[in-house]
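This report refers to the structure that appears directly beneath it.
Bear in mind these aren't lab numbers, they're just calculated from the coordinates by the rules spelled out. Owing to the predicted nature of the structure, the values given are computational and were not obtained by experimental measurement. For neighbour counting, all protein chains shown are included, and Cβ atoms are generated from backbone atoms with ideal geometry for every residue, glycine included.
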Amino acid sequence: MNKPPLDPSDSNSRSRLDRIVADTRRKADQRSLGYREQALKMYPWICGRCMREFTRANLQELTVHHRNHDHDYNPADGSNWELLCVYCHDNEHSRQLDARSGSDGGRSENAVATGNPFADLKAQMARKKI
């Protein structure tokens, strides 16, 4: 159902306009209470890892990372927050998951190869000669 256009001279339109403005302001106030908005006001719009700078045009790509990984711990001083771009944020959580599972993606310095690719080479070469 389409609503008729607002006419400031009409009392019903003014009442509806007042409700729209009040609702918009209330929603903006609720958003400003969120930790993301608080962090964006508190910190410069720069990724804490790759140092990429952000503007209003690409601000949606800047996220708030919880340093202790507890999204319910949001101190007013922002000490548990860090601004990261979406790429660095994904990387941080991947590293956290790897640490929890004990996997290091095959990057361990103590990794030892257990197979020998040349174990049967002499026998294979002898068969080829025949």
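Numbers at a glance
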{"read-out": "Charge context of His66, other residues only, Cβ under 12 angstrom, K/R +1, D/E -1", "value": "-2"}
{"read-out": "Residues Ile20, Ile46, sorted so that the one with the fewest Cβ neighbours within 10 Å comes first", "value": "Ile20, Ile46"}
{"read-out": "More than 20 Å apart - percent of Cα-Cα pairs taken over region 44-103", "value": "31 percent"}
{"read-out": "Cα→Cβ-extended label distance, 7 Å offset, between Leu33 and Glu61, nm", "value": "3.2 nm"}
